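Visitor: Got a structure for you, questions after.
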Amino acid sequence: MSTLPSKAEILDWIAANPTLSAKRDIAKAFGIKGAARIDLKRILKELEAEGHLEKRKKTYRDPDRLPPVSVLQVRAPDENGDLFALPLEWHGEGVEPIVLVVPRASDPALGEGDRILARLQVVHEADHNYEARLIRRIGMSPRKVVGIFRKSAEGGRILPIDKGADKEWIVGPDATHGAKDGELVEAEQAGPRATRMGLPKARIVMRLGDPSEPKAVSLIAIHQHGIPDDFPPEVVDEADQMKPAGLKGRTDLREVPLVTIDPSDARDHDDAVFAEPDEDPKNAGGHVLWVAIADVAHYVRPGSKLDREAKKRGNSSYFPDRVVPMLPDRLSGDLCSLHEGVPRACIAVRMVIDAEGNKTSHKFVRGLMRSPASLTYQEVQAAQDGAPNDKTGPLLEPVIAPLYAAYAALKAARARRQPLDLDLPERKVVLSDEGKVTSVNFVERLDAHRLIEEFMILANVAAAETLIAKRTPLLFRVHEEPPADKLESLRETAEASGLTLAKGQVLKTAHLNKLLHDAAGKEEAELINLATLRSMTQAYYSPTNFGHFGLALQNYAHFTSPIRRYSDLIVHRGLISAHGWGDDGLTEQEIERLEQTAQHISDTERRSMMAERDTNDRYLAAYLSDRIGAEFGGRISGIAKFGVFVKLDETGADGLIPMRNLGREYFHFDREAGTLMGADTGVIIALGQRVLVKLVDAAPVTGGIGLELLELEDAEMPRGRGAGRPSRRPGGGGRGKPGGPPRRKEAKARHKDAKVKRKVTRRRTTKS
């Protein structure tokens, strides 16, 4: 080529040949030789200055294009099971390109967070711009760290906030992200894990604010457990565009006085109830029950942005100071919430029970309701007990009294069914407007609570039975029976308390209830309830039905809380498909992925439970931090080789008595029996024993509570042979002293120091 190419021709060549974009390659392609290369260099510099090209080492590329070989971070699979990836080398000014990972049969399985080196090909598809082929997997997503940043001249350190964690992380001066001293930060591992040569390194990626600020406690748990707490703008926009549902295609239930009964601080109302005597002469003394549930499926369609975000979250998370909802407020607090006096879309079930509380029939409808009143548990119970207020007074005879009459029948049926009847009091952390803990109160269990509970259980059973009968896939709520080893441990605990648990037969909840009832009113009651709870397996979601052991039910699914649980939304869609109510039912793609969905939402449920527990622990530690040195009564709730866990009577907080605070003797840990035995005194520390402890530490940031044992079963701790003897350190016996534990670690350290000293001496001798 005798003439130089135009700028457009050069750009077209680079776009068509991204791997041949060096100046030498361009010159060869256009036949440019000799002095003409100087002019080519000038044109390339002009293109670079104009922003059309970006020089990378010796090659040129379009800055709004990804390099042909790029580093990507794999995202979670979408609803169709496709893997998309985040480009880590995107520097363009436009919209970030979407990359689809196209795996080969020989490729290793990739998961969320994996970092890969991939070869990219430009495509023009509706949902992605590039397709990526794996070259090799680089590694997993860096480990996340949440902690308190302590600034220094060399950068700083991150102090852990995990209970029991003592490993700090070093932050370099160029990796602080502008964090201030004492600030709560989120970081990621930067480099190898800790070695003998020093602490692991971290890079701060997000500043979370002052951990001492009001209502910052839950924020720690949210970020620590990776709970999404901000909705993407496109999800909020999709929710904001929703309009209230009308009557078309629905049964008119607006004249049925369906009332909501919730806690006083409830923001959303996803269930409403009504009951009346059955007028059918064949069912004398029977009742007709209505349970109406918010029709979330009408607004959250399969595959929509709302659906993907709801599935990602799995459920709402509830903390003393905030709620992290599954759905944006436009839906959870407005359109889907069954507010008083407002028409709302619902899926309702009409159930008929006989005088003994047995369900004889049921029928589902997709309707439009209007609740005459939003009530609280307390005011409903007060009305039933003879103290109605202005709101409940007019509803007492037509609504409230029939509800309690139906509940009496359901209560009798429950007594025959014998679900697990644990008696474990629940405590609630009460906060001031400033976010400080004002009190820790027992939650009172009223008949109003039990009434709603029985109505919801019956509706969940009806949903499961309907979908089974119509051969529609669904997600069951599964609770398997306890494993044999845990049952044996419970049996041993019961025998130690002078009680018995049936053996040599198929275990039923009735056997456990007999044990619980035998223990009721005795000193061992709390111990037996706690041990029974610990013998249970964790409930989970599954497309295969294994029954619900705890409720003594064969068919059970979650249907009654679609605003806060994705599992319920799946069941709603199943009901829509089974009845042919619309095109917003369960899709084939969802059915194919039910197993993965079940696993995912079971995991998100456990994640929320852990975050909620950690938040409560931190609030309780903050509440007790002003009472260091005070004495508390409690009961041993757990035993490990490193110490004893105690549940305090006053607050329900769980604290740890480390081995060093148990007494002046060595304790042997018996894993099988779950006990500790003093080497000198023979004293046995076991689960459920009453103790008097002293509070020695309370760390609000981690939620850790340290205790010292003063009395065991109303008697002072016996003092071992090492008690009262002189020691070289507080709380420990001197090396070689009778009764004092051998100082093995100290001896080991001296031996190591001597070894190092010999090595240093030899090296110095060699040099000289």
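Visitor: What is the number of the single condition among (1) of a type outside the set (Ser, Thr, Tyr); (2) outside any helix (DSSP H, G or I); (3) at negative phi that Gly521 does not meet?
Guide: (3)
Visitor: Is it the case that some residue within region 210-228 is part of a loop (DSSP other than H, G, I, E, B), closer than 26 Å to Glu612 by Cβ and of a type in the set (Lys, Arg)?
Guide: yes
Visitor: Confirm whether Asp237 is in a loop (DSSP other than H, G, I, E, B) and at pLDDT below 95.
Guide: Taking the combined requirement at face value, the residue does not satisfy it.
Visitor: Still on this structure, I have one more. May I ask you to say which residue of Leu516, Leu507, Leu499 is under 19 Å from Ser637 (Cβ atoms), in a loop (DSSP other than H, G, I, E, B) and either over 28 Å from the mean Cα position of the chain (by Cα) or of a type in the set (Asp, Glu) (or both)?
Guide: Details: Leu516 fails: in a loop (DSSP other than H, G, I, E, B); Leu507 fails: under 19 Å from Ser637 (Cβ atoms).
Result of the check over Leu516, Leu507, Leu499: Leu499.
Visitor: Among the numbered criteria (1) aliphatic (A, V, I, L, M); (2) surrounded by 16 or more Cβ atoms within 10 Å (Cβ to Cβ); (3) at pLDDT 95 or above, which one does Leu487 miss?
Guide: Only one criterion is unmet by Leu487, namely (3).
Visitor: Please report, ordered by residue number, the strands (runs of 3 or more DSSP E) entirely within region 57-155 with at least 1 residues that are modelled with pLDDT of 85 or more and farther than 28 Å from Lys311 by Cα.
Guide: Output list reads 115-122, 130-139, 144-152.
Visitor: Sticking with this structure for a sec: Which residues, taken from region 541-596, are at pLDDT below 95, polar (S, T, N, Q) and part of a helix (DSSP H, G or I)?
Guide: Gln589, Gln596
Visitor: Pick from Asp280, Asp237, Asp210, Asp262: which is surrounded by 15 or more Cβ atoms within 10 Å (Cβ to Cβ) and charged (D, E, K, R)? Let's see the steps before the verdict.
Guide: Numbers: Asp280 fails: surrounded by 15 or more Cβ atoms within 10 Å (Cβ to Cβ); Asp237 fails: surrounded by 15 or more Cβ atoms within 10 Å (Cβ to Cβ); Asp210 fails: surrounded by 15 or more Cβ atoms within 10 Å (Cβ to Cβ).
Among Asp280, Asp237, Asp210, Asp262, only Asp262 is surrounded by 15 or more Cβ atoms within 10 Å (Cβ to Cβ) and charged (D, E, K, R).
Visitor: If you check Val352, Val429, Val399, which single one turns out to be touching a Ser or Thr at 6+ places or on another chain (Cβ under 6 Å) and touching a residue at least 24 places away in the same chain (Cβ under 8 Å)?
Guide: Being touching a Ser or Thr at 6+ places or on another chain (Cβ under 6 Å) and touching a residue at least 24 places away in the same chain (Cβ under 8 Å) holds for just one of Val352, Val429, Val399, which is Val352.
Visitor: Inside region 620-675, counting only strands (runs of 3 or more DSSP E) that do not spill past its ends, which hold 2 or more residues that are farther than 23 Å from Leu533 by Cα and in contact with a Leu (Cβ under 8 Å, 6 or more places away or on another chain)?
Guide: Working: elements: 631-640, 643-648, 654-658, 667-670.
Counting at least 2 such residues, we get 631-640, 667-670.
Visitor: Tell me, yes or no, whether region 285-308 has at least one residue that is among the polar types (S, T, N, Q) and part of a helix (DSSP H, G or I).
Guide: First, pick out the residues of region 285-308 that are among the polar types (S, T, N, Q): 304.
After this cut, where a residue has to be part of a helix (DSSP H, G or I) as well, the list is none.
No: region 285-308 contains no residue that is among the polar types (S, T, N, Q) and part of a helix (DSSP H, G or I).
Visitor: Filter region 256-279 down to the residues that are part of a loop (DSSP other than H, G, I, E, B) and either in contact (Cβ under 8 Å) with a residue 60 or more places away in the chain or under 37 Å from the mean Cα position of the chain (by Cα) (or both) and list them by number. Talk me through it step by step, then tell me what you get.
Guide: Our first condition is that a residue be part of a loop (DSSP other than H, G, I, E, B); within region 256-279, this holds for 256-258, 263-270, 278-279.
Of everything in region 256-279, those that are part of a loop (DSSP other than H, G, I, E, B) and either in contact (Cβ under 8 Å) with a residue 60 or more places away in the chain or under 37 Å from the mean Cα position of the chain (by Cα) (or both) turn out to be Val256, Pro257, Leu258, Pro263, Ser264, Asp265, Ala266, Arg267, Asp268, His269, Asp270, Asp278.
Visitor: I've got another one for you. Can you tell me which residues in region 510-528 are in contact (Cβ under 8 Å) with a residue 60 or more places away in the chain, of a type in the set (Gly, Ala, Ser) and either in contact with a His (Cβ under 6 Å, 6 or more places away or on another chain) or crowded, with 17+ Cβ neighbours inside 10 Å (or both)?
Guide: Residue satisfying the conditions is Ala525 alone.
Visitor: Still on this structure: Go through the residues of region 454-467 one by one and say whether even a single one is out of contact with any helix residue (DSSP H, G or I) (no Cβ under 8 Å at 6 or more places or on another chain), exposed (fewer than 15 other Cβ atoms within 10 Å of the Cβ) and either modelled with pLDDT of 85 or more or within 30 Å of Leu586 (Cβ to Cβ) (or both).
Guide: Within region 454-467, not a single residue is out of contact with any helix residue (DSSP H, G or I) (no Cβ under 8 Å at 6 or more places or on another chain), exposed (fewer than 15 other Cβ atoms within 10 Å of the Cβ) and either modelled with pLDDT of 85 or more or within 30 Å of Leu586 (Cβ to Cβ) (or both).
Visitor: Still on this model: Can you give me the number of residues within region 691-709 that are free of Cβ contacts under 8 Å to residues at least 60 places away in the same chain and either assigned to a loop (DSSP other than H, G, I, E, B) or not β-branched (Val, Ile, Thr) (or both)?
Guide: Residues meeting the conditions: 2.
Visitor: If you go through region 452-485 one residue at a time, how many are part of a helix (DSSP H, G or I) and either touching a residue at least 60 places away in the same chain (Cβ under 8 Å) or over 30 Å from Ser264 (Cβ atoms) (or both)?
Guide: Residues that pass the stated criteria total 18.
Visitor: Only residues that are in contact (Cβ under 8 Å) with a residue 60 or more places away in the chain and among the β-branched types (Val, Ile, Thr): list them for region 529-573, please.
Guide: Of everything in region 529-573, those that are in contact (Cβ under 8 Å) with a residue 60 or more places away in the chain and among the β-branched types (Val, Ile, Thr) turn out to be Thr532, Thr544, Thr560, Ile563, Ile570, Val571.
The values are calculated or read from the model by the stated rules, or taken from the named source; none is laboratory data. It should be emphasised that the depicted structure is a prediction, and the values quoted were computed from it without experimental measurement. Reconstructed Cβ throughout: ideal geometry from the backbone, glycine too, with neighbour counts over all protein chains shown.
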